[in-house]
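So the structure is just underneath, and the comments pick up after that.
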Amino acid sequence: MLQIAPSKTDAERLLLVSPELGEVLAAIIHRVRGGRATLPLVPAYDPYERTWSAPMPFLFQRPRGPEHRAISRTTLRQFLLHVLAVSGLTDASNKPLEFTPHDFRRLFATEALRPGLPPHIAAKILGHADLGTTMGYAAIYSEDVVAHHRAFIARRRALRPGEEYRDLTPEEWDQFLHHFELRKVALGVCTRDFGTPCAHEHSVRCPQLRPDPAQEPRLLEIRDNLQARITEARREGWPGEIAGLEATLQAAEQKLQTMHRIANRHGVTRLGMPTFHDTVGRAST
């Protein structure tokens, strides 16, 4: 575990480090101690606050004459640029690479999230209170998202029975197309799921019916007929018929309101029901 001094959020953090990094840090600590039992206490200048800190056991310090001094941010950046210049590494435009110490946090976030580390865990490691800050650190591009999505689908398919991914037979394809043809009813289109029958027998009471505004005259005729039947039932003393007829009349009124909303919404043009057989290049019978 590596303990980090309070940052700009004034919160200490404990970070997990790899054995290799731990060995490097141990070598730095051994060199800075110089035979002492503890790290020397030295002050450090904060260029943002323009103040000197209290003497603290800074890890990155070096002897300067008779005393130790903390290594500044500017010096660390110069060391890093020197290493990059000696390495000969260049970017896409063939210019020498330039890194700041803070860039390594972005590299860590990107490399941690790309293999699948949960973002909230990465946020905890980086010391971010906001998950959006962590996602802003990570350079996750669209091709990475697509690649991981495809890998996820491949893993899911590997867990499912192979017979579910066989090719469709001509009979199954015809059955699939036939289902959508059966959705076309007198008052519009039934939106029920594939392979399920209409429990209301295409009645105006069916909640899955999406009414066609062009069929408004037909629906008005049905509504008038329902009102006449209700009047007849009341006159003849058929109370058992009245409840069902009134429920159907209420559904007809709701369908009329839906028709008006569809017809008046953004000037929608009704294109009709497509012929699926023609769409897939099959001859209609």
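The values are calculated or read from the model by the stated rules, or taken from the named source; none is laboratory data. Just so it is clear, the structure is predicted and the values come from calculations on it, not from any experiment. Cβ placement follows ideal geometry from the backbone for every residue including glycine, while neighbour counts extend to all protein chains displayed. The protein model used for the area step is the full one, side chains on, heavy atoms only, and it has no ligands, DNA or RNA in it. Shrake-Rupley method; radii C 1.70, N 1.55, O 1.52, S 1.80 Å.
Tabulated data for the structure shown
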quantity: Tyr48/Arg156 FRET efficiency (R0 51 Å; Cβ-Cβ; nearest 0.05); calculated: 0.55
quantity: Portion, in percent, of the accessible area of the range 194-264 that falls on carbon or sulfur, probe 1.4 Å; calculated: 47
quantity: Carbon + sulfur, % of accessible area of the range 61-143 - ligands and nucleic acids excluded, 1.4 Å; calculated: 61
quantity: Rounded accessible area per residue of the range 64-182, 1.4 Å, Å²; calculated: 75
quantity: Amide H partners (placed H, <5 Å) of Arg210, local residues excluded; calculated: Val189, Cys190, Thr191
quantity: Net length gained if the chain between Leu97 and Asp174 were fully extended (0.36 nm per residue, minus Cα distance); calculated: 21.7 nm
quantity: The range 170-229: GluC sites (Glu not before Pro) in DSSP loop, at most 10 other beta carbons within 10 Å; calculated: Glu201
quantity: Those chymotrypsin sites (Phe, Trp or Tyr not before Pro) in the range 11-87 that DSSP places in a loop and that have at most 10 other beta carbons within 10 Å; calculated: Tyr48
